[in-house]
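Novice: Following this message is one structure expressed as structure tokens.
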């Protein structure tokens, strides 16, 4: 069963598990289960229309419209950047306290697109894990707020500043990913869409949706000694 964070006659939002595709994709033709079909079956066969996307390995808040008119309005909200998206990510190294990454990205059609991500540092960690002739490895927890919505934007932006997301494949650090797979069995990616804020398309009420982190994110946080308590419970 999918965890439903919000539902009314116009919208429904879930906490998408890592590994679940939003819908059928050319890039993951091996998948047999999708969020669209699972949610439709769970709410009695009603059609659902994904308003935005999350990568297969990204967990967190994912919202759907229940009719095409609401979908149109919500698409306009996203296009005009009237929806605030907040992500948690665990990165390799100690990132700056805050930074706006303004770095263009090229899509699959070879078109260069403006892409902007703001992030701020939440916590740092250092553990006894030998890496590149150093006896320890450093990591950090950040909150990222993408102003644009390009494919793999956060993965590519954090790699660009040499602080890749732990577990990202591709756009990550292969050596660190291998270390974590061999030492801790980590197969997921430490990127979680923890909050979505917008005005309801019909009632205009301010909606704040929060998604709790999953077990694997929690496990990595415990290994690193991070304080993730506030992200383990719903704030709705």
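Every number here is computed from the coordinates shown, using simple stated rules; none is lab data. The model shown is predicted, which means the values in this text are computed figures rather than measured ones. Heads up, the Cβs are rebuilt from the backbone with ideal geometry, glycines too, and the neighbour counts pull from every protein chain shown.
Novice: Quick check on the exposure proxy: order 83, 142, 73 from fewest to most C-beta atoms within 10 angstrom.
Specialist: On the way: 83 18, 142 24, 73 15.
In increasing order of surrounding Cβ atoms, one gets 73, 83, 142.
Novice: Further question: Compute the long axis of helix 174-184 from its Cα atoms, compare it with the longest principal axis of the Cα atoms of the chain, and write down the angle in degrees, 0 to 90, nearest 10.
Specialist: On a 0 to 90 degree scale, this one is about 90.
Novice: Which angle from 0 to 90°, rounded to the nearest 10, does the C-alpha axis of helix 215-224 make with the longest principal axis of the chain?
Specialist: Long axis of 215-224 versus the principal axis of the chain: about 30 degrees.
Novice: Okay, next question. Does anything in the stretch 134-170 have its amide N under 14 Å from the 7 Å Cα→Cβ label point of residue 100, and if so which residues?
Specialist: So the set is 145-148.
Novice: Taking the alpha carbon gyration tensor of the chain, what are the square roots of 5 times its eigenvalues, largest first, to the nearest whole Å? Kindly include the intermediate steps, with their values, before the conclusion.
Specialist: Numbers: eigenvalues 185, 74, 63 Å².
So the equivalent ellipsoid measures 30, 19, 18 Å along its semi-axes.
Novice: Applying 1/(1 + (r/R0)^6) with R0 = 30 Å to the Cβ-Cβ distance of residue 67 and residue 197, what FRET efficiency is obtained, to the nearest 0.05? Display every interim value, and only then the final one.
Specialist: On the way: r = 22 Å, r/R0 = 0.74.
After rounding to 0.05, the efficiency reads 0.85.
Novice: At 222 nm, what helix-only mean residue ellipticity would the chain give, in deg cm²/dmol to the nearest 500, using -39500 (n - 2.57) for each DSSP H run of four or more?
Specialist: Numbers: 5 runs with 49 residues, N = 236.
One gets -6000 deg cm²/dmol as the mean residue ellipticity at 222 nm.
Novice: Rounded to the nearest 0.05, what FRET efficiency is calculated for residue 7 and residue 131 with R0 set to 41 Å and r the Cβ-Cβ distance? Each step should come with its number before you reach the end.
Specialist: Details: r = 45 Å, r/R0 = 1.09.
E(calc), rounded to 0.05, equals 0.40.
Novice: Against the longest principal axis of the chain, how steep is helix 68-79, in degrees 0 to 90 to the nearest 10, with axes from Cα atoms?
Specialist: Tilt of helix 68-79: around 40 degrees.
Novice: Report the Stokes-Einstein translational diffusion coefficient (µm² s⁻¹, integer) for the stretch 111-236, Rh taken as the Kirkwood radius over Cα pairs, at 25 °C with viscosity 0.890 mPa s. Let's see the in-between values first.
Specialist: Numbers: Rh = 16.2 Å.
My calculation gives 151 µm²/s for D.
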